[in-house]
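What follows is one structure encoded as C-alpha cells, with my remarks underneath.
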Amino acid sequence: MSNLRRQVLSAFKKLHRTRQYVFQGDANALAAGRVKINESFLQNRNESSENEIQKMIKLAQDVDLELRTNVIQAQKKDDDVYELRITPETTRLDNVVFNPDAIIEKPRRQRGDKNTEGCCGGAAMAALEAEVQARNK
C-alpha cells in the first residue's frame, strides 16, 4: 500500500473518530457527519494527482482540528438553561467584560477603500436607500 493511500485512509478514519467524539450522543449529527465524510471521500476517489490528494489530506486535517477545537454541544435542560459539553480540546478565549461607556472610534479609511459617506456626508446614499425601501413596500 502506498504512503499516499495510507495517509488518505488515516485521514478518513481520523475524521470518523473525531465525528464520534465531537457529536457523541447526538444521533442526527452523527448520521449527517458520517454521510458527509463518506460522500466527500467517495466524490474524490478517482483523483490521481498527488498534489491535489495532498491538498485534500491537508483539508481533512484542518477540518478535524476545527471540529475538535471549535464545536461544542448544548442540550436544553430548562427554560433558558442549557448544558454545554466542552471538551479539554475546545478553544477557550479570554472573556472581556463589556464596557457600555466605551467610546468606539470609527475605523480609519484604508488606501483603496471607497468613500461611503460621499461628498455630502452620506445624505445622497441615505436618500437612495430610502427610495429603494419605498419601492419595495
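As for region 106-124, it holds at least one residue that is out of contact with any Phe, Trp or Tyr (no Cβ under 7 Å at 6 or more places or on another chain), part of a helix (DSSP H, G or I) and not hydroxyl-bearing (S, T, Y). Within region 70-90, is there a residue that is open to solvent by less than 100 Å² (accessible area, probe 1.4 Å), over 22 Å from N3 (Cβ atoms) and part of a helix (DSSP H, G or I)? Within region 70-90, one or more residues are open to solvent by less than 100 Å² (accessible area, probe 1.4 Å), over 22 Å from N3 (Cβ atoms) and part of a helix (DSSP H, G or I). All of (1) among the small types (G, A, S); (2) surrounded by fewer than 13 Cβ atoms within 10 Å (Cβ to Cβ); (3) under 20 Å from the mean Cα position of the chain (by Cα) hold for S48 with one exception: (3). Here is the figure for region 1-37: residues that are closer than 27 Å to Q73 by Cα, open to solvent by less than 50 Å² (accessible area, probe 1.4 Å) and either in a helix (DSSP H, G or I) or of a type in the set (S, T, Y) (or both) total 11.
The values are calculated or read from the model by the stated rules, or taken from the named source; none is laboratory data. Quantities reported herein were computed from a predicted structural model and do not represent experimental measurements. We place every Cβ from the backbone using ideal geometry, glycine too, and count neighbours over all the protein chains shown. All accessible areas refer to the heavy atoms of the entire protein, side chains included, with ligands and DNA or RNA removed. Shrake-Rupley method; radii C 1.70, N 1.55, O 1.52, S 1.80 Å.
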